[in-house]
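Structure, as C-alpha cells:
The values are calculated or read from the model by the stated rules, or taken from the named source; none is laboratory data. Given the structure is predicted, the values throughout are model-derived calculations rather than measurements. Don't worry about glycine lacking a Cβ; one is built from the backbone with ideal geometry, like all the others, and counts go over all protein chains shown.
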Amino acid sequence: MVRLTCFPNRMAARRPALALCLLACALLAAPASSVAAGGSALRPQPPTSAEIDRGTQRFLDTLDESDRTRAGSSARRNGTGGAGQGSEDRLFPDRRLIAFYGAPQMGATILGRKSLGGAKKKLRKQARRYRGAGMPVVEGMNLVAVIATSDRGADGKYRSRQSDRVIGQYHDAARRLDGRLILDIQPGRSSFMKEVRALDEWLERPDVDIALDPEWNVGKRGRPGRTRGSVNAKTLNKLSAYMDKVVEREDLPPKALVVHQFHSGSVKKRNRVKQRDDVAVTLNFDGIGGRAAKVAGYERLTRDALFAGFSLFYRLDNGLMTPKQVARLEPTPNYVLYQ
C-alpha cells in the first residue's frame, strides 16, 4: 500500500491540507483505469511494459509517412531553433513555461487524450491566456520519456523507455510551437542519473529540459505503485551539476530541471538543494484538489532559493484555477503544468 504524508499541521493550512491529503487517498483507491499514471494522481497499479508497447504501436500507427520520416530524422540530428537560443536568454525567471504533461501510452493524461495536433492547438490556446500576466510565455511538451511499470520488464528495472521515434515526434511538435520539450523520468528501480545519461543525445539539444517524478523512484527493491518513492538533495545536486556540465560543454542556453512533488516527503532535505547558474532547479507542486488546498500546499512546499512550478488537472481538480489566479500565487510560478 502506498503511504501518504499530509502537510504538517498549521492552523492556517490545516483544513486545506487535510482535504488535499484525503483526496489523494481517494485517488489511490480508485480503479487503475480511472487515474493517470503520473504526477500526484498515482495509480495503484502502473501499466505493464506490454501495455506500454501496445500503446506505442497505436501511436505510431496514427502517424502518416511524413511524420514517420520527420521523427526518424529528428532522432538522428542535433536540432537547432526553438525558444531560448543564445546563452544570454534564460528560461527562468525571465519567462513562464506553460506545458502539457503525459505520453501517448497514458490515456488519462492530456498528451494521452489528445493527438499531437490536438495537443498543440489546445496548448497554444491555454498558453495564450497567460500572455500579459507579468512575463513572456513559452509553450512546452512535458513528455514522460521513462514510464514506471508494474512488471520487471526485460532488464528488471520496472520502467519502460520511450523510443527515439516517439521522442522525436514530441520534439518536433515543441519546435513547431517555438517551445521546449521537457523529458520526464519515472525511474522505477533504475536511477535518475542513469536515465538522464540515457537521454544525453536529447539533452544536448538547446530546447530540451529534464523533469523528475520522485514518487516513482522506488530504489533497488521497491515496486512502482506499492512503494512510495522520493529523491534527496544529494541526488538532485549531482543531476543539476551534470546538466550544468552538458550546457557548458555544448555551449547551450540554460536548461530547467523540474522536480515534481505532492507531499512533504517527495524531496528529502530540500533546504540543501542547490540552484545553478545554467540549470534552473524548479520544485513543481503536483497536488490535486480545490483552490484553497492547492494554494496551501504550494505555499508549504516552495522554497525561495529555487524556482517554483504549479500543476493543474483538467479532470481531477475541484474547480480548475484560472490563469489569473495562478499568476497571482506567491511566489509566482515559473512553470505551469497541465495534466
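Some notes on this structure:
- Taken together, the residues in the stretch 212-253 that are of a type in the set (Lys, Arg) and at positive phi amount to 0.
- Given (1) modelled with pLDDT of 95 or more; (2) over 26 Å from Arg124 (Cβ atoms); (3) of a type outside the set (Lys, Arg), index of the condition Ala154 fails: (1)
- Condition check for Thr282: surrounded by fewer than 22 Cβ atoms within 10 Å (Cβ to Cβ) and under 21 Å from Leu97 (Cβ atoms): no
- Criterion (under 21 Å from Leu111 (Cβ atoms), within 17 Å of the chain's Cα centre (by Cα) and surrounded by fewer than 19 Cβ atoms within 10 Å (Cβ to Cβ)) met by exactly one of Tyr338, Tyr314: Tyr314
- Within the stretch 317-330, the set of residues being surrounded by fewer than 17 Cβ atoms within 10 Å (Cβ to Cβ) and either of a type in the set (Gly, Ala, Ser) or over 19 Å from Ala127 (Cα atoms) (or both) comprises Asn318, Gly319, Glu330.
- Within the stretch 108-128, the set of residues being crowded, with 16+ Cβ neighbours inside 10 Å, of a type outside the set (Val, Ile, Thr) and either at pLDDT 95 or above or under 15 Å from Thr56 (Cβ atoms) (or both) comprises Leu111, Gly112, Arg113, Lys114, Leu116, Ala119, Lys120, Lys122, Leu123, Gln126, Ala127.
- Any chance Val196 is among the aliphatic types (A, V, I, L, M) and part of a strand (DSSP E or B): no
- Residue in the stretch 129-138 that is modelled with pLDDT of 95 or more and more than 27 Å from Val247 (Cα to Cα) present: yes
- Extreme residue, nearest to Val196 (Cα to Cα), among residues of the stretch 221-261 that are polar (S, T, N, Q) and touching a Gly at 6+ places or on another chain (Cβ under 9 Å): Ser230
- Members of the stretch 203-214 that are in a helix (DSSP H, G or I) and surrounded by 24 or more Cβ atoms within 10 Å (Cβ to Cβ): Pro214
- Of all residues in the stretch 138-157, those that are surrounded by fewer than 24 Cβ atoms within 10 Å (Cβ to Cβ) have Cβ atoms under 7 Å from Cβ atoms of residues that are polar (S, T, N, Q) and modelled with pLDDT of 95 or more, 6 or more apart or on another chain, in Ser150/Thr48; Asp151/Thr48; Asp151/Ser49; Gly153/Ser49; Gly153/Ser160; Lys157/Ser190.
- Enumeration of residues in the stretch 115-154 that are in a loop (DSSP other than H, G, I, E, B), farther than 30 Å from Arg228 by Cα and of a type in the set (Gly, Ala, Ser): Ser115, Gly132, Ala133, Gly134
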